Amino acid sequence: ASTDGVAAAAVPSQGLTGRLRDFMPSLDVTFNAAVMPFAQPGSTNAAIAIVAGMAEPVVFGITRVVQRMDIRVLAYDERGTTVIDVTRRAEINVPPSAENYVRYDVLNQIALPPGHYNFRLVAHNADTDKLGAIEFGITVPDFGHDAISLSGVAISVASAEPMVTIGSLATILPVAPTAVRKFLNGDRVTAFARVYQGGDAPPSDATLDVRILDARGEEVY
């Protein structure tokens, strides 16, 4: 698979067998991730939007952060076979926020056929050699054949808090999604999703039920 980075993008597996290093836990770098499948017109494969949200503390007194972060995306099918292994290098040169943090979202897009997949995202700081990883599973619907299906839900936010976005998902999303899930009182948060009707039946109306729960699981909308 092609990568957007340099040869060093393979560093998350350096020195150990690929699969062994892939499954070793690491807490040097912590981050959030969001993965959202969307139908692709004219293709049985779905477009998978991937957002890795980085939030790193900055030493007090630093006025600018210059660094390189490699985000490696690995996807495994139900047999454990690696079907995706791509890396994007994110280079940042930004001032920290008022709270001495630097925040940025790294966007990536891949294509996968319908099915269940296990994902592993590995973040490698190319300057400090620190690693972090996230693991989760997702199901890619069969958008073309399911009677009704829903894309992933993309969350975007307009905030006074500085946020850098690296990469683009404009070909599949009209919004710039974020992996952030904690917001300030003044933030304007938007959720975007698509509803699909598959098969050969004529298009019909659909009712969308939207509920928002707070951190305690209580319904607020």
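Values in this text are rule-based calculations from the coordinates and carry no lab data. Please read all numbers here as calculations on a predicted model, not as lab measurements. Counting neighbours? That spans all protein chains shown, and the Cβs are built from the backbone with ideal geometry, glycine included.
Count the net charge of all other residues whose Cβ sits under 12 Å from the Cβ of residue 148, scoring Lys and Arg as +1 and Asp and Glu as -1.
Values: positive: 194; negative: 142, 146, 205.
Taking every Cβ under 12 Å from that of residue 148, the sum is -2.
Give me the number: length gained by fully extending residue 82 to residue 182, i.e. 0.36 nm times residue separation minus the C-alpha to C-alpha distance, one decimal in nm.
Details: separation 100, 0.36 × 100 = 36.00 nm, distance 3.24 nm.
Stretched out fully, the residue 82 to residue 182 stretch lengthens by 32.8 nm.
Grab the beta carbon distance between residue 142 and residue 165, set R0 = 35 Å, and tell me the FRET efficiency rounded to 0.05.
On the way: r = 31 Å, r/R0 = 0.87.
After rounding, the FRET efficiency stands at 0.70.
Describe numerically, in nm with one decimal, the distance between label points set 7 Å from Cα along Cα→Cβ at residue 207 and at residue 175.
2.4 nm
Which whole-number percent gives the relative contact order of the stretch 45-91, counting Cα pairs below 8 Å spaced six or more residues apart?
Details: 39 pairs, mean separation 14.5, N = 47.
Relative contact order here is 31 percent.
When the label point is put 7 Å from the Cα of residue 129 along its Cα-to-beta-carbon vector, which residues of the stretch 44-79 have a backbone N closer than 15 Å?
none
Classify the chain from the C-alpha gyration tensor, please: rounded if a/c falls under 1.5, else prolate or oblate depending on whether a/b exceeds b/c. All intermediate terms of the calculation are to be shown ahead of the outcome.
Numbers: a/c = 2.09, a/b = 1.27, b/c = 1.64.
Verdict is oblate for the chain.
Please state the charge dipole magnitude for the chain, taken about the Cα centre, from unit charges on C-beta atoms (+1 on K and R, -1 on D and E), reported in debye and rounded to the nearest 20. Walk me through the numbers on the way to the answer.
Values: 17 positive and 24 negative charges, 97 e Å.
Value, rounded to 20: 460 debye.
Along the charge dipole of the chain, Cβ charges K/R +1 and D/E -1, which of 137, 31, 193 sits furthest on the positive end?
Working it through, the farthest residue towards the positive pole turns out to be 31.
Per the helix-only calculation at 222 nm, which mean residue ellipticity applies to the chain, given -39500 (n - 2.57) for every DSSP H run of n ≥ 4 and division by its residues, nearest 500 deg cm²/dmol? Write out the running numbers ahead of the final one.
Working: 1 runs with 5 residues, N = 221.
After summing the helix terms and dividing by residue count, I get -500 deg cm²/dmol.
I'd like the antiparallel share, as a percent to the nearest 5, of DSSP beta bridges with both residues in the chain.
95 percent
Using a 10 Å cut-off on Cβ atoms, rank the peptides 120-128, 73-81, 184-192 from the highest mean neighbour count down.
Details: 120-128: 19.9, 73-81: 15.2, 184-192: 11.0.
Most protected by this proxy first, the peptides run 120-128, 73-81, 184-192.
With the contact rule set at Cα under 8 Å and sequence spacing of 6 or more, what percent relative contact order holds for the stretch 27-186?
Values: 351 pairs, mean separation 46.5, N = 160.
Relative contact order of the stretch 27-186: 29 percent.
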